[in-house]
1. Can you report the number of residues in segment 152-196 which are touching a strand residue (DSSP E or B) at 6+ places or on another chain (Cβ under 6 Å), in a loop (DSSP other than H, G, I, E, B) and at pLDDT 95 or above?
2. When you scan segment 127-146, do you find a residue that is over 20 Å from the mean Cα position of the chain (by Cα), buried (at least 18 other Cβ atoms within 10 Å of the Cβ) and part of a loop (DSSP other than H, G, I, E, B), even just one?
3. Is one or more of the residues making up segment 113-131 free of Cβ contacts under 8 Å to residues at least 12 places away in the same chain and closer than 23 Å to residue 184 by Cβ?
4. Working only within segment 97-124, note down all residues that are in a strand (DSSP E or B) and either surrounded by 17 or more Cβ atoms within 10 Å (Cβ to Cβ) or out of contact with any strand residue (DSSP E or B) (no Cβ under 6 Å at 6 or more places or on another chain) (or both).
5. If we scan segment 57-73, do we find a residue that is in contact (Cβ under 8 Å) with a residue 24 or more places away in the chain, assigned to a helix (DSSP H, G or I) and at negative phi?
6. With the requirement that a residue be more than 16 Å from residue 181 (Cβ to Cβ) and surrounded by 20 or more Cβ atoms within 10 Å (Cβ to Cβ), what does segment 55-94 give you?
7. Suppose we filter 94, 35, 77 for residues that are outside any loop (DSSP other than H, G, I, E, B), at pLDDT 95 or above and under 19 Å from the mean Cα position of the chain (by Cα); which single one remains?
8. Could you look through segment 1-22, keep only residues that are assigned to a helix (DSSP H, G or I) and without any contact (Cβ under 8 Å) to a residue 60 or more places away in the chain, and pick out the one that is farthest from the chain's Cα centre (by Cα)?
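The values are calculated or read from the model by the stated rules, or taken from the named source; none is laboratory data. No experiment lies behind these values; they were computed from the predicted model shown. Here the Cβ is made from the backbone with ideal geometry for all residues, glycine too, and neighbour counts use every protein chain on show.
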């Protein structure tokens, strides 16, 4: 009995910890789903006028409507679309009254020229966004070659002489050539908690099977042992 007591305690403790981690990830999944639902609701809210001052936390995803005029300049941010391939997000400056901000006009394939922005006053509807495109493997933006790998708002604002405020287009009163809007959504927000939960529960099963097998082998008499 003493031969199997320690492996049994160790095995049950390991299973308990792994199950606890799986349950914790399920709780995190419920929490994350609630957060994503709140974000989707906020994105779809009725649009408001552009705030006099903007806050990256309080105003993230805020639906905004504005009337303004596009100015010269277009920055290309390299992206990839499923079933379409590589292309660019096109970022241009727009003058809204006394404000000058950035507008993410949408997507264009890499082999297509960037169309000029609509002339005159245009009505724009979209969502304010402070994207977090950069990670450890993201190259530095090639400003001189106008190939951007992340929407670094401060850097873009410096090049286009705007505020570091980005409005991601949803609708516009005039057509914008071959550009396809890429509205803000929650699809890019990671939600891997279910995968993590399945992993922990699977490891608990494996741990239990291995513990059971070890105990079984420990209790089985060795070949040739005397009775």
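1. Of the residues in that region, 3 qualify.
2. The answer is no; no qualifying residue exists.
3. Scanning segment 113-131 turns up no residue that is free of Cβ contacts under 8 Å to residues at least 12 places away in the same chain and closer than 23 Å to residue 184 by Cβ.
4. Of all residues in segment 97-124, those in a strand (DSSP E or B) come to 99-109, 121-124.
Answer for segment 97-124, where residues must be in a strand (DSSP E or B) and either surrounded by 17 or more Cβ atoms within 10 Å (Cβ to Cβ) or out of contact with any strand residue (DSSP E or B) (no Cβ under 6 Å at 6 or more places or on another chain) (or both): 99, 100, 101, 102, 103, 104, 105, 106, 107, 108, 122, 124.
5. no
6. Passing the criteria: 62, 68, 75, 93.
7. 77
8. That would be 2.
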